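This report refers to the structure that appears directly beneath it.
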Amino acid sequence: MLIKGQWVEKWQPVQASDGEGRFLRQASGFRHRIGADSPEGFAAEAGRYVLYVAYICPWACRTLIALRLKGLEHAIDVRVVDPRLTDQGWAFSGELGTDRDDIEGARHMHELYTRADPTYTGRATVPVLWDRTHRTIVNNESADLLQILNSDLGTLARNEINLRPATLTDAIDATNARLYEDFNNGVYQAGFATTQAAYDEAVRRVFDCLAWMDARLERAEWLVGEQLTETDLRAFVTLARFDLAYYGLFKCNLRPLSDYPNVMTYLRRLLAMPAFAGSVRADHIKAGYYSIQALNPTGIVPAGPLLDYL
């Protein structure tokens, strides 16, 4: 991680733990928005911004899905980092169909963070929305980026879809909160737990949430309201990685995903949409997660699973 702008240790997957061994996630450090009233001067201009993502990362991929659903590909460039985690975190290798950084010439993501803030302390995460004009990070919080792509850059969007309609915001926020605590972050709390009690607690919440989703989807097409919303993006990115990584590597193996028929129908329906299907790279997901030495010290990437829905 970075401490006062200096890279000081090898990349570690466990950001922090509490006294009971629960995995704790770092808060994002750049939280600016885009618009005419932005005090930082971030305006909605085509060609100005770059979205840095990793196909392994669910948080990054939900922003990539939103970008494509909104039809913003013409306005925002995308650069993809190598999925394999190095001693210096995310790298620009140009391998496995990823990119080199032709924007700032960085070799690792943390170099963009110190370019934005030479005294930055924290982890260098993706996604990142980079501003070419000011040569800085606009935002590195995926929840904010969903709203930036949906609303702040709405005048540039070619598609009229609204992922956060005003009539559903309360229900979206409530459902998002449960998904995050019990499912999106819950799989990480299971995988990175350092005590049996912390693991047992996390894995129970993961499967309680799957059961809740399955019950909801028995009577509805979407998780909130009667339309696709940002909540569906949040659910999808964890579901798409469940069999590939979380079931085995993260020990979320109480039940297979196939035990939840309504969830599986929902997942297949989302995968039928190009924006969703195009965000899933099984090779990147497996290469990335199985490069985490703390969980897989041999570095062996499994041949399977063979999944008929991917």
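Any read-out appearing in this document is the output of simple, stated calculations on the displayed coordinates, not a laboratory observation. Keep in mind that what you see is a predicted model, and the values were worked out from it rather than measured. Here the Cβ positions follow ideal geometry from the backbone for every residue, glycine too, while neighbour counts run over all protein chains shown.
The table for this structure:
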| read-out | value |
| --- | --- |
| Segment Asp173-Arg216, extension gain: residue separation times 0.36 nm, minus the distance between their alpha carbons | 13.8 nm |
| For region 220-227, Karplus couplings with θ = phi - 60° (6.51, -1.76, 1.60), whole Hz, Gly/Pro x | 8, 7, 10, 6, 9, x, 10, 8 |
| Total lysine pairs under 30 Å (Cα atoms) in the chain, excluding pairs fewer than 8 apart on one chain | 4 |
| Amide H partners (placed H, <5 Å) of Val78, local residues excluded | Leu51 |
| Amide H within-cut-off set for Val128, under 5 Å, with H built and near neighbours excluded | Tyr52 |
| Positive minus negative residues near His32 (Lys, Arg vs Asp, Glu; Cβ under 11 Å) | -3 |
| Net lengthening on full extension, Gln88/Lys4 (0.36 nm per residue, minus Cα-Cα) | 28.7 nm |
